[in-house]
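First the structure, in the form of structure tokens, and then the observations on it.
The values are calculated or read from the model by the stated rules, or taken from the named source; none is laboratory data. Remember, predicted model here, so these are calculated numbers, not experimental data. Every residue, glycine among them, receives a Cβ derived from its backbone with ideal geometry; neighbour counts consider all protein chains shown. Just so you know, the surface numbers come from the protein's heavy atoms only, side chains and all, with ligands and any DNA or RNA stripped out. Shrake-Rupley method; radii C 1.70, N 1.55, O 1.52, S 1.80 Å.
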2 protein chains.
Amino acid sequence: MLVPVPTTISHAQETPQPQITQSQPGAERTEVETFTLENGLTIVVLPDKRIPFVTHMLWYKVGSADEPKGKSGIAHFFEHLMFKGTTNHKAGEFSQTVSAAGGSENAFTSTDYTAYYQIVPPQHLKTMMEFEADRMRNLVLSDEVVDTERSVILEERRMRVDNNPSAVLGEEVSATLFQNHPYRIPIIGWMQEIEQLNREDAIAFYNRYYEPNNATLVVAGDVDPQEVLKLAEETYGKIAKGPEIGPRLRPSEPQQDTRRTVTMRDDRITTPSFSTSWIVPAALKAENGEAEALDLLAEILGGGTLSRLQKKLVVEDQTASSAGASYDGLNLDYGTFSVNATPRGEESVEAMEKQVQAEVERIIESGPTQEELEAAKTRFTRGMVFARDSQIGMANTMGLIYSIGGNADDFFGWTDRVKKITAAQVQAVARKYLDYDRSVTAYLLPKPAEEKAQN
Amino acid sequence: MLVPVPTTISHAQETPQPQITQSQPGAERTEVETFTLENGLTIVVLPDKRIPFVTHMLWYKVGSADEPKGKSGIAHFFEHLMFKGTTNHKAGEFSQTVSAAGGSENAFTSTDYTAYYQIVPPQHLKTMMEFEADRMRNLVLSDEVVDTERSVILEERRMRVDNNPSAVLGEEVSATLFQNHPYRIPIIGWMQEIEQLNREDAIAFYNRYYEPNNATLVVAGDVDPQEVLKLAEETYGKIAKGPEIGPRLRPSEPQQDTRRTVTMRDDRITTPSFSTSWIVPAALKAENGEAEALDLLAEILGGGTLSRLQKKLVVEDQTASSAGASYDGLNLDYGTFSVNATPRGEESVEAMEKQVQAEVERIIESGPTQEELEAAKTRFTRGMVFARDSQIGMANTMGLIYSIGGNADDFFGWTDRVKKITAAQVQAVARKYLDYDRSVTAYLLPKPAEEKAQN
């Protein structure tokens, strides 16, 4: 399955990055307490007594889409630099402390945020806060540190992107789908720009964005909210408020009037596949229930074996080995909606694409049935319950929502809002947004036989 | 014929903008004198006694590719503002003076430069210099002036781009062809960004770029170079040198590894057409004769009725009503190479595209014949002679070359460099750059019959 939209880059630390799925924001309301320190730091506490661990996450409201022109990759680069030494601690000391406590840690960068977290037994929470608060302002950014890390990141790019045809295609699809907004630029950065990033870029980025008033602290676990507040005041509270950062205004998209394709042929590809993407509203910016309707549209078209695409192409016709649809809306400015399929056996990718398009056109023409709509709501709600079943998953989604301008109501209210959506609303978003004359289709194809023979 | 590459926007004044063609830089050496004033203004004088007019052009080394992030269109917007009032002259006074002298004037903005010119009888040269020097630093930029002109420009965009399917397609092709470099952004600006441009943006742009040390004055006509220098010192020489602007570093292109298409369907289109474009080196940045070879490759493939595409598709097979190839290299950072064709009668655009691709592959496989190469050199050289035959054409190309970092040697030496190119060099650039797996093909198509009926 192609993922042509910008996605999160996880820092190569010990634990796998928690999966953020669209189905999480609807968890039912549990206790949640929020505070704001005098220096502007927002604190969100999610009490959770089921496991003897606490998740401590610090989210900065800065991601690759905030980078200066020509400095792509600096947000992710900076995430790496945060694991270097500070004026108070040598490089590696924080990580060793997490390990010694039996904990784990990670960090990740996306288009709209950069987050750092540790999962440790509760008695170590204050130590985590001390370390995390320390590196918010006290990093030692020498040329040597920056130069060494640049090599690491260039290697990371080679491995993750340049050696991976699907990732290369994903980058070029984003650069085609978004014509002006910085979601078009890869989170990891373009190779030729990463190569030029230097200490001055890092310092400018640090001083502008790594401030308590640009961050959200999420603490989930067996903790008392007032105690969390007290610990946060004793640690993060010591940091002075930074300069005002102002609203996050990025270049916006023009109206698009063309149908585009992006084709990658590579001899490492054995099975052809395709995906078609559209720019749609972001979840928290959409109006009139459009985001909730897009969630259900994705579920009805391509969510699981009961969805239209899977039932028709995978089960009945057996022309596809996989097929799906997804709405990625948890971004600050825009969402994307995609449909995809991988043909089975001798089926051509062109024929497959026509079959998917026929299903898209069918839902535009007639909308979903009432039965389908209710089934999709049930599946979607169940997905939320599962998502809520993990401490890190809950903390992650909450941090993400705060980082893109939302709050706990957006998190807890999603299920109810989804339940109110009508079949007509689902049909309306399909008709409004899934216009093939404003789409980008990506093809990941094997090399033709004769070319392959030459290699 | 589609023109998917960024092109010059001419200001809507009296005279048509002179055509800049690739064939101009090779004019044979004539007298040319250059000077630099203490304030950094470069002066190029091209004596020309054939007509009783002098062409006075002032070129600023700033264009749309220099615009700040999210401020697309400010360079062109500013070109409009330069026709407003200054502290010394009311709006319209300059234009009236030109008209009263029996002259004409115009201005244009491109990705890399903005230029203003007047063509007047020689005795009015000093007056032109006085006015032009005055508006370099003394514009009155009120909210009212800026707000009024914004409406004019929005209307200009609607007329020139949004109401023109070919122009809309051209914008989206550029936004697809260039994945990172600002040549991807339309010179006129994206509608939603023009709407936001304001007085502060205009002032910041003016103060940064409209300085004598960022400009080239070209004077062509029946003038004495020393007299031009004296007049320039008396007018432009009074302006203080501006702050250093630094090198023009724009975000560069990543390696591209996909074949892309951009399709525009519109019911105003009756004849389908297509063009395929590649990013190639800029004329003055190319090495080892590659730019000269690209000029000849365009000539051999698609320059006139003797070119391969026209001979085969238009004359012999009669499948195309037109076919061509072009190299646009007179830009600061990158050039583009394009092939295009319009099918004739019932021929499909897909079949047409295959025929053009076959010709591209044939020249990659076997290169041009010696006879073809010599004929192309003759045609190309003749083109240069014709281009040199116009005072404004010569002044224009010289100003352009200076604005992208070149000099008189680049102008006069081109013919000789083209003459030295071998068939192997032409084949080599075709093989190196015309890779369909790194191309963008644009289709301008009629709406399918059933959709048309609905409109």
Quick one: A:K241 ticks every box in (1) open to solvent by 20 Å² or more (accessible area, probe 1.4 Å); (2) part of a loop (DSSP other than H, G, I, E, B); (3) within 11 Å of chain B (Cβ to nearest Cβ) bar one, so which box is it?
(3)
Looking for whichever is away from chain A (no Cβ under 14 Å), modelled with pLDDT of 95 or more and at positive phi here; the options are B:G189, B:G289. Which one fits?
B:G289
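When you scan the stretch A:388-452 for helices (runs of 4 or more DSSP H) that lie fully inside it, which ones turn up with 3 or more residues that are modelled with pLDDT of 95 or more and closer than 28 Å to A:V262 by Cα?
Details: elements: A:391-403, A:408-419, A:423-433.
By residue number, A:423-433.
Can you say whether B:T235 is buried (at least 18 other Cβ atoms within 10 Å of the Cβ), farther than 30 Å from A:G70 by Cα and at pLDDT 95 or above, as far as the supplied structure shows? Talk me through it step by step, then tell me what you get.
Details: buried (at least 18 other Cβ atoms within 10 Å of the Cβ): yes; farther than 30 Å from A:G70 by Cα: yes; at pLDDT 95 or above: yes.
Yes; evaluated as a whole, the condition is true for this residue.
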Restricted to the stretch B:210-228, and to residues that are in a helix (DSSP H, G or I) and crowded, with 20+ Cβ neighbours inside 10 Å, which residue is nearest to the other protein chains (Cβ to nearest Cβ)?
B:N214
Got at least one residue in the stretch B:166-186 being of a type in the set (A, V, I, L, M) and more than 13 Å from every other protein chain (Cβ to nearest Cβ)?
no
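Considering the stretch B:310-323 alone, what residues qualify as being buried (at least 24 other Cβ atoms within 10 Å of the Cβ) and in a helix (DSSP H, G or I)? Spell out how you get there, then give the answer.
Narrowing the stretch B:310-323 to residues buried (at least 24 other Cβ atoms within 10 Å of the Cβ): B:313, B:320, B:323.
Listed by number, the list holds a single entry, B:L313.
With the structure loaded, tell me whether A:P247 is assigned to a loop (DSSP other than H, G, I, E, B), within 13 Å of chain B (Cβ to nearest Cβ) and in contact with a Phe, Trp or Tyr (Cβ under 8 Å, 6 or more places away or on another chain) or whether it fails that test.
Working: assigned to a loop (DSSP other than H, G, I, E, B): yes; within 13 Å of chain B (Cβ to nearest Cβ): yes; in contact with a Phe, Trp or Tyr (Cβ under 8 Å, 6 or more places away or on another chain): no.
No.
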Strands (runs of 3 or more DSSP E) within the stretch A:22-124 that include 1 or more residues buried (at least 20 other Cβ atoms within 10 Å of the Cβ) and hydrophobic (A, V, I, L, M, F, W, C):
A:42-47, A:54-60, A:104-109, A:114-120
Residue check, B:S326 against (1) open to solvent by 40 Å² or more (accessible area, probe 1.4 Å); (2) under 27 Å from the mean Cα position of the chain (by Cα); (3) at pLDDT below 95, all met but one. Which one?
(3)
All but one of (1) in a helix (DSSP H, G or I); (2) more than 14 Å from every other protein chain (Cβ to nearest Cβ); (3) closer than 26 Å to A:Q318 by Cα hold for A:E347; which doesn't?
(1)
From the options B:L125, B:L169, residue that is hydrophobic (A, V, I, L, M, F, W, C), over 25 Å from B:T397 (Cα atoms) and either touching a strand residue (DSSP E or B) at 6+ places or on another chain (Cβ under 9 Å) or modelled with pLDDT under 95 (or both):
B:L169
Please indicate, with yes or no, whether at least one residue in the stretch B:126-148 is in contact with a helix residue (DSSP H, G or I) (Cβ under 9 Å, 6 or more places away or on another chain), within 14 Å of chain A (Cβ to nearest Cβ) and open to solvent by 40 Å² or more (accessible area, probe 1.4 Å).
no
If you take the residues in the stretch B:292-306 that are open to solvent by less than 10 Å² (accessible area, probe 1.4 Å) and over 21 Å from the mean Cα position of the chain (by Cα), which one is nearest to the other protein chains (Cβ to nearest Cβ)?
B:L301
Among the residues of the stretch A:192-204, write down those that are open to solvent by less than 10 Å² (accessible area, probe 1.4 Å) and away from chain B (no Cβ under 12 Å).
A:L197, A:A202
Criterion first (among the polar types (S, T, N, Q) and part of a loop (DSSP other than H, G, I, E, B)) does B:Q196 satisfy it?
yes
When the stretch B:382-403 is checked residue by residue, the ones that are under 16 Å from B:L330 (Cβ atoms) and in contact with a helix residue (DSSP H, G or I) (Cβ under 9 Å, 6 or more places away or on another chain) are B:G383, B:M384, B:A387, B:R388, B:G393, B:M394, B:N396, B:T397, B:M398, B:L400, B:I401, B:Y402
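Test A:V168 against the stated conditions and say whether it is without any contact (Cβ under 8 Å) to a residue 60 or more places away in the chain, open to solvent by 10 Å² or more (accessible area, probe 1.4 Å) and in contact with an Asp or Glu (Cβ under 7 Å, 6 or more places away or on another chain).
Details: without any contact (Cβ under 8 Å) to a residue 60 or more places away in the chain: no; open to solvent by 10 Å² or more (accessible area, probe 1.4 Å): yes; in contact with an Asp or Glu (Cβ under 7 Å, 6 or more places away or on another chain): yes.
No: the conditions fail for A:V168.
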Answer yes or no: is there a residue in the stretch A:192-206 that is in contact (Cβ under 8 Å) with a residue 60 or more places away in the chain and touching a strand residue (DSSP E or B) at 6+ places or on another chain (Cβ under 7 Å).
yes
Among (1) within 14 Å of chain B (Cβ to nearest Cβ); (2) touching an Asp or Glu at 6+ places or on another chain (Cβ under 8 Å); (3) not β-branched (V, I, T), the one test that A:E253 misses
(2)
Report the residue count in the stretch B:345-380 for those that are surrounded by 14 or more Cβ atoms within 10 Å (Cβ to Cβ), acidic (D, E) and over 29 Å from the mean Cα position of the chain (by Cα).
1
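Provide a single number: the residues in the stretch B:258-280 that are at the interface with chain A (Cβ under 7 Å from one of its Cβ atoms) and open to solvent by less than 40 Å² (accessible area, probe 1.4 Å). Please lay out each step first, then the result.
Residues of the stretch B:258-280 at the interface with chain A (Cβ under 7 Å from one of its Cβ atoms): B:258-265.
Then keep just the ones that are open to solvent by less than 40 Å² (accessible area, probe 1.4 Å); that gives B:258, B:260-264.
Selection size over the stretch B:258-280: 6.
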